[in-house]
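Student: Following this message is one structure expressed as C-alpha cells.
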Amino acid sequence: MNEPVTSETYTAQLRRLADLTARVGEQRAEAHTWHERQCAAAERAVADAAEQLQYAEEELVAAREQQERVDAEVAHLWQQVRSRLGARRLGGPPAPANGVGAADPMLLLGKARDLLDRAGQPGELPGSVNPLLALCGVGGAVLAYALGVGARALGVGYGGDLAVGLPVLALVVTLFGPLIGLVPARVLADRRHAMLGPRPITVVLGAGVVTTVLLLVLGR
C-alpha cells in the first residue's frame, strides 16, 4: 500500500520542483545569452567580411586603373625607344618580369622616362672629330676666298662701278669664310646626333680664320 503523503514530503517535493524550475530557467537564460552572443558575433563577422569585400573591390578597381595607366605609359616609352634607336623590327613592349619587388610602377616608369630623355638629348661632338671640324673651317675659308677671287675677276673684267664694288664684296665674302665652315660642321653634328657646342664652333672658326689670313697674305 502507498504511504500517505505528509505535509513535510509535499513541501520537499515543492522545494525540489522549485529548484529544478530555477535551474532550468538559469540554463534557458544562459542558452539565450549564448545564442545572442553568437548572433552578434556572426553579424560582426558578416559586417567585417562585407567591409573587406568592398575594400578588396575598390583595390581591384584601383589596380586595374593603374595597370591601364602603366600599360599605356610602357607602350608610349617603348614607341619612343623604337623611334629614337631606329629599331623598327623590335616587337611589342617586353612582358613584366617575374619576381619584381613591390615598388611603385609609376615611379619606375618615371625613372625610365628620365633616363630616356637624357639618352635622347644630343651631346657634344667628341674630340676625335676635331680634324673634321678643322677641315670644315678650312673648306669654308677656301670656298669664300675662291668666291672673292671670282668676284674681283668679274670686277676687273667689267670695269666701271663693278671694278670698285665687287672687290669690296669679295673682301666681305672672304671674311665670312670661317662662318661658312659652320654649315658642314652642323651637318656632321646632326648625323652624329650631337650638338655643335662652343668647342666645335671654336675649332671650326679658328681653322677658318687661320686659313683666311694665310690666303689673304699669300694672295697679295
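Since every read-out is calculated from the coordinates, none of them should be taken as a lab result. Only a predicted model underlies this, so the values are computations on that prediction, with no experimental measurement involved. Every residue, glycine among them, receives a Cβ derived from its backbone with ideal geometry; neighbour counts consider all protein chains shown.
Student: In terms of modelled amide H atoms, which long-range or inter-chain residues lie less than 5 Å from the amide H of Glu124?
Tutor: HN-HN under 5 Å from Glu124: Met195.
Student: How would you rank 180-192, 134-146, 204-216, 18-30, highest first, on the average number of other Cβ atoms within 10 Å across their residues?
Tutor: Highest to lowest by the protection proxy: 134-146, 204-216, 180-192, 18-30.
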